[in-house]
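Participant: The following block contains the structure, expressed as structure tokens.
The values are calculated or read from the model by the stated rules, or taken from the named source; none is laboratory data. All values reported here derive from a predicted model rather than from experimental measurement. Glycine also receives a Cβ, built like all others from the backbone with ideal geometry; neighbour counts cover every protein chain displayed. Areas reflect the complete protein model, heavy atoms only, side chains present, ligands, DNA and RNA absent. Shrake-Rupley method; radii C 1.70, N 1.55, O 1.52, S 1.80 Å.
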Amino acid sequence: MFSQTSPSRGPGSPNVTGFYDQASGSIQYVVADPATNKAALIDVVQDFDPAEARSYHESADEILDFVTREGLEVEWILDTHPHADHLMASAWLRDKLGAPNAIGAKVRDIARIWEDLYNMPGAFDPDRDFDRLFDDGAQFSIGELKVRVMLSPGHTLGSITYVVGSDAAFVHDSFMHVDVGTSRADFPGASSSMLYDSLQAILALPDETRLFVGHDYPPVGDRQDPAWEATVAAHKRDNPHVGGGASRDAFMKVRDDRDATLGLPDRILYALQVNLRGGRLPDPESDGQRYFKIPANRF
């Protein structure tokens, strides 16, 4: 798995290592406090083969091997939103590590939307499956690094950004890499107008803040390798969707026109019923097997 480390810039600045999951285009992060070797895992993938509806944990195991080699102690298992393009490894990691798992509090609202779409009333209970549901403005620590939670809806209505220490923000599926633009905003409960407000709030962070995005799909132009880090200043200057002070109307037209051409991710109908359970597969039925429920002709 391709990985790359963005080193700490000094006191209050985390080490950040990203791991690229080629199957889903997702970036998974280990963010660590150099002063204490305490760490958090962000948006780690549970591998999934949609052809066989088979899940496994090769990617998460590779990240845990890295944690062991680096002598890190994981304090938090974090997700930025209930992902549509991959299954999350949150529950499996919590069982392995004994660390609490967390996501944004508006996951409760997302759960209600998808209970209706699956016709599964009461199927999802985020308060059961996550140890912490973060409200906008919540604060916690990774070692000596302070973390602030920003509600950043648009891609989903409950997406959150983790602002870690003095110069790092994990901005999930809001921005794409600086040479690509932004993420789609057409899932149930999402909107390009909400996304515009979230992007502007992120761009109000200090210019030197490193923004770490949730996805990349190379090749892009002449770039062949995945990339996921750029500063606030770089996005303000060069992002093709919001750079140069693009207006709300201009952004919404670009975003909505693009989203109208996109099909659903091939894992979404599997992923949401797992991720709204914190990464747990559906419960076994009377034969001891687990089954996904997939709505037909709903989308």
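Participant: Charges on Cβ only, +1 for Lys and Arg, -1 for Asp and Glu, centred on the Cα centroid of the chain; of 55, 191, 100, which one is farthest towards the dipole's positive end?
Facilitator: The listed residue farthest towards the positive side: 191.
Participant: A follow-up question, please. Take every Cα pair under 8 Å in the chain that's 6+ residues apart, average their separations, divide by the length, and report that relative contact order as a whole percent. Write out the running numbers ahead of the final one.
Facilitator: Numbers: 644 pairs, mean separation 50.4, N = 299.
Answer for the chain is 17 percent.
Participant: Taking square-rooted eigenvalues a ≥ b ≥ c of the alpha carbon gyration tensor, is segment 30-147 rounded, prolate or oblate, where a/c under 1.5 means rounded and, failing that, a/b exceeding b/c means prolate?
Facilitator: Note, shape of segment 30-147 comes out oblate.
Participant: Within straight cross-link reach of residue 146, meaning Cα distance under 14 Å, which aspartates and glutamates are found once same-chain residues fewer than 8 apart are removed?
Facilitator: Within reach: 33, 75, 167.
Participant: Please find the FRET efficiency linking residue 141 to residue 285, where r is the Cβ-Cβ separation and R0 is fixed at 35 Å, and quote it to the nearest 0.05.
Facilitator: 0.25
Participant: I would also like to ask the following. Based only on the alpha carbon positions, what is the Kirkwood hydrodynamic radius of segment 223-299, in angstrom?
Facilitator: 16.7 Å
Participant: Mind checking the dipole of segment 175-299: about its Cα centre, +1 per Lys or Arg Cβ, -1 per Asp or Glu Cβ, Debye to the nearest 20?
Facilitator: Using only the charged Cβ atoms, the result is roughly 320 debye.
Participant: Another question, then. If you roll a 1.4 Å probe over the heavy atoms of the protein chains, what accessible area per residue do you get for the chain, in Å²?
Facilitator: Details: 12520 Å² over 299 residues.
So the chain comes to 42 Å² accessible per residue, rounded to a whole number.
Participant: Of all DSSP beta bridges in the chain, what percent run antiparallel (nearest 5)?
Facilitator: The answer is about 75 percent antiparallel.
Participant: What number, rounded to the nearest 500 deg cm²/dmol, is the helix-based mean residue ellipticity at 222 nm of the chain, given -39500 (n - 2.57) per DSSP H run of at least four residues and division by all its residues?
Facilitator: Rounded to the nearest 500, it is -7000 deg cm²/dmol.
Participant: Would you work out what percent of the accessible area of the chain, with all protein chains in place, is carbon or sulfur (probe 1.4 Å)?
Facilitator: 46 percent
Participant: Using +1 at the C-beta of Lys and Arg and -1 at the C-beta of Asp and Glu, which of 28, 80, 8 has the Cα lying farthest in the positive direction of the dipole of segment 1-84?
Facilitator: Final value for the positive-end residue is 8.
Participant: What is the distance in Å between the Cα centroid of segment 155-217 and that of segment 262-299?
Facilitator: Their Cα centres are 26 Å away from one another.
Participant: Would you kindly give the portion of the calculated P(r) for segment 1-75 that falls above 13 Å, as a percent of all Cα pairs?
Facilitator: The calculated P(r) of segment 1-75 puts 66 percent of pairs beyond 13 Å.
Participant: Please identify the longest segment of the chain free of exposed GluC sites (Glu not before Pro), where exposed means a DSSP state other than H, G, I, E or B and no more than 13 other Cβ atoms within 10 Å.
Facilitator: Longest run free of exposed loop sites: 53-143.
Participant: A follow-up question, please. Which value results when the Cα radius of gyration for segment 144-233 is divided by 2.2 N^0.38 Å?
Facilitator: Normalised by 2.2 N^0.38 Å, the Cα Rg of segment 144-233 equals 1.07.
Participant: Still on this model: Over what distance in Å are the Cα centres of segment 1-22 and segment 50-64 separated?
Facilitator: Each part's Cα centre sits 22 Å from the other's.
Participant: Starting from the Cα of residue 253, draw a straight line to each of the lysines and keep only those under 19 Å, dropping any in the same chain fewer than 8 residues away.
Facilitator: Once the sequence-local lysines are set aside, what remains near residue 253 is 236.
Participant: May I ask for the percentage of alpha-carbon pairs in the chain that lie more than 30 Å from each other?
Facilitator: Values: 11847 of 44551 pairs.
Of all Cα-Cα distances in the chain, 27 percent exceed 30 Å.
Participant: With r defined as the distance between the Cβ atoms of residue 224 and residue 256 and R0 fixed at 25 Å, what FRET efficiency is calculated, to the nearest 0.05?
Facilitator: 0.25
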